[in-house]
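The values are calculated or read from the model by the stated rules, or taken from the named source; none is laboratory data. Values in this document were obtained by computation on a predicted structure and should not be read as measured data. Using ideal geometry, Cβ is built from the backbone for each residue, glycine included, and neighbour counts are taken over all protein chains shown.
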Amino acid sequence: MLSVCLNASILAQELELELASLPEGLRTVEFFSPAVGRMMKFDIVLPPDYANSDERYPVLYLLHGYSQNYTIWGRNLSAGYYARKLNDLILVLPDGGNSWYVNYALSEQGQTNNWEDHIIEDVVGYVDKHYRTEARRQGRALSGLSMGGFGALALGLRHPGQFISIGSSSGALSFARSQAVRLARGAVETSRAVNERNSKRFAQADASIARLVAIPGFSTQQERTPGGRIFLTPEQALAYDPFSIIYEVPRSEIPHIYLDSGTEDGLISEARELAQILMVNDVSFDFMQSRGRHSADYWRRSIGHMMNIQHEVMQRALGNRP
């Protein structure tokens, strides 16, 4: 079953953001994404001295959770604050709707739903073309929360040559694996069924964020849930399963991995399971668990830790540390 990670405090705060000014250094970029055939947006936070410098900077991409959007990390989960404090980092906050960041096996309603390509090709390509980035593996990191944690690890392991570090905060890491099990049992679920089941919670989210997102045809939760089927076979699902594909990447090519979760979050078992696999196989990783639930309060505390570690991994890979 596709889950929706809605949090009442997040919804209320996003409503307040409609009237608030943007955090310092943050701007919104609108561009056309061929991978999904529509205009899309992302938030970006540039270093304080970007305009007065000719330096190139490493980039951290943060993926949002299910029912969230590109505004969540930078404007009310403190990522923008930490990016400016780090001083020499570009922070990019893409939008993936309720897509799970995968290329859909079957698109309907005249849509093009290549959401993996949207992130890996279109967003990264646009940022490297229009900003002074360290446009190489050593200068890129990818992380996310909940659905975005799954997306970051799945995409990072599928494209290990793109990112030096990948991370998950409260990640729904077993999503693809559970979908493979359902498909093997003959269970089928379309995006229409997802929308119908979540209609009440979607209405709650729409009341607060549709005007804030303001992407024509991609602002309400039903619009942001891709039409079609995400996977058609167990094999297609397992091709995105971090627990499976990590064994397919040569150990020397596996990016640094960061994992964290709140101790009162049901998803912590998935982070612990992956940490055990990494430990047994001598794969480099950082793991943190601390008090908290699947909530904005926890993510505001975890984000600084995650960003500092991934920033340091990039700086060392770039040769900027002794």
Sole miss for Tyr81 among (1) modelled with pLDDT under 95; (2) more than 21 Å from Tyr258 (Cα to Cα); (3) surrounded by fewer than 24 Cβ atoms within 10 Å (Cβ to Cβ) is condition (2)
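Take the residues in the stretch 71-89 that are outside any helix (DSSP H, G or I) and under 16 Å from the mean Cα position of the chain (by Cα); name whichever of them is nearest to Thr28 (Cα to Cα). Show your work before the answer.
Step one: of the stretch 71-89, the residues outside any helix (DSSP H, G or I) are 71, 77-78, 87-89.
Okay, now just the ones that are also under 16 Å from the mean Cα position of the chain (by Cα), so 71, 77-78.
On the way: Thr71: 9, Leu77: 16, Ser78: 16 Å.
Top of the filtered list is Thr71.
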Conditions (1) within 19 Å of Ile164 (Cβ to Cβ); (2) in a helix (DSSP H, G or I) -> Gly304 fails only (1)
Restricting the stretch 240-251 to residues that are part of a loop (DSSP other than H, G, I, E, B) and in contact (Cβ under 8 Å) with a residue 12 or more places away in the chain, the one surrounded by the most Cβ atoms within 10 Å (Cβ to Cβ) turns out to be Tyr240
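When you check Met306 against the structure, is it aliphatic (A, V, I, L, M) and without any contact (Cβ under 8 Å) to a residue 60 or more places away in the chain, yes or no? Steps first, answer last, please.
Values: aliphatic (A, V, I, L, M): yes; without any contact (Cβ under 8 Å) to a residue 60 or more places away in the chain: no.
The answer is no for Met306.
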Restricting the stretch 175-219 to residues that are modelled with pLDDT of 90 or more and among the hydroxyl-bearing types (Ser, Thr, Tyr), the one nearest to Leu145 (Cα to Cα) turns out to be Ser178
Scanning the stretch 203-241 residue by residue, those of a type in the set (A, V, I, L, M, F, W, C) and within 23 Å of Glu116 (Cβ to Cβ) turn out to be Val213, Ile215, Phe218, Ile230, Phe231, Leu232, Ala237, Leu238, Ala239
Residue set Gly125, Gly167, Gly161, Gly149; condition at pLDDT 95 or above and touching a Phe, Trp or Tyr at 6+ places or on another chain (Cβ under 6 Å); output residue Gly167
Checked the stretch 127-145 for anything touching a helix residue (DSSP H, G or I) at 6+ places or on another chain (Cβ under 9 Å) and within 30 Å of His294 (Cβ to Cβ); matches are Arg140, Ala141, Leu142, Ser143, Gly144, Leu145
Among residues of the stretch 276-291 being over 16 Å from Leu153 (Cα atoms) and free of Cβ contacts under 8 Å to residues at least 12 places away in the same chain, the residue surrounded by the fewest Cβ atoms within 10 Å (Cβ to Cβ) is Val280
Scanning the stretch 211-237 residue by residue, the ones that are surrounded by fewer than 19 Cβ atoms within 10 Å (Cβ to Cβ), in a helix (DSSP H, G or I) and either of a type in the set (S, T, N, Q) or in contact with a Ser or Thr (Cβ under 7 Å, 6 or more places away or on another chain) (or both) total 2
Here the residues within the stretch 252-270 that are buried (at least 22 other Cβ atoms within 10 Å of the Cβ) and in a helix (DSSP H, G or I) are Glu270
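From the residues in the stretch 119-164 that are of a type in the set (Gly, Ala, Ser) and part of a strand (DSSP E or B), which one is nearest to Trp299 (Cα to Cα)?
We begin by selecting, within the stretch 119-164, every residue of a type in the set (Gly, Ala, Ser); these are 125, 135, 139, 141, 143-144, 146, 148-149, 151-152, 154, 156, 161.
If we keep only those that are part of a strand (DSSP E or B) as well, we get 141, 143-144.
Working: Ala141: 18, Ser143: 12, Gly144: 10 Å.
Residue satisfying both the conditions and the ranking: Gly144.
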The condition from (1) in a helix (DSSP H, G or I); (2) under 15 Å from the mean Cα position of the chain (by Cα) that Leu183 misses is numbered (2)
query: Based on what the data block shows, is Asp95 surrounded by fewer than 24 Cβ atoms within 10 Å (Cβ to Cβ), in contact (Cβ under 8 Å) with a residue 40 or more places away in the chain and not basic (Lys, Arg)?
result: no
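I want to confirm something. Restricting to the stretch 98-126 and keeping residues that are in contact with a helix residue (DSSP H, G or I) (Cβ under 8 Å, 6 or more places away or on another chain) and among the acidic types (Asp, Glu), which single residue is surrounded by the fewest Cβ atoms within 10 Å (Cβ to Cβ)?
Applying the first criterion (in contact with a helix residue (DSSP H, G or I) (Cβ under 8 Å, 6 or more places away or on another chain)) to the stretch 98-126 yields 98-105, 108, 116, 119-120.
When the remaining residues are screened for being among the acidic types (Asp, Glu), the result is 108, 116.
Details: Glu108: 14, Glu116: 22.
If we take residues in the stretch 98-126 being in contact with a helix residue (DSSP H, G or I) (Cβ under 8 Å, 6 or more places away or on another chain) and among the acidic types (Asp, Glu), then Glu108 is surrounded by the fewest Cβ atoms within 10 Å (Cβ to Cβ).
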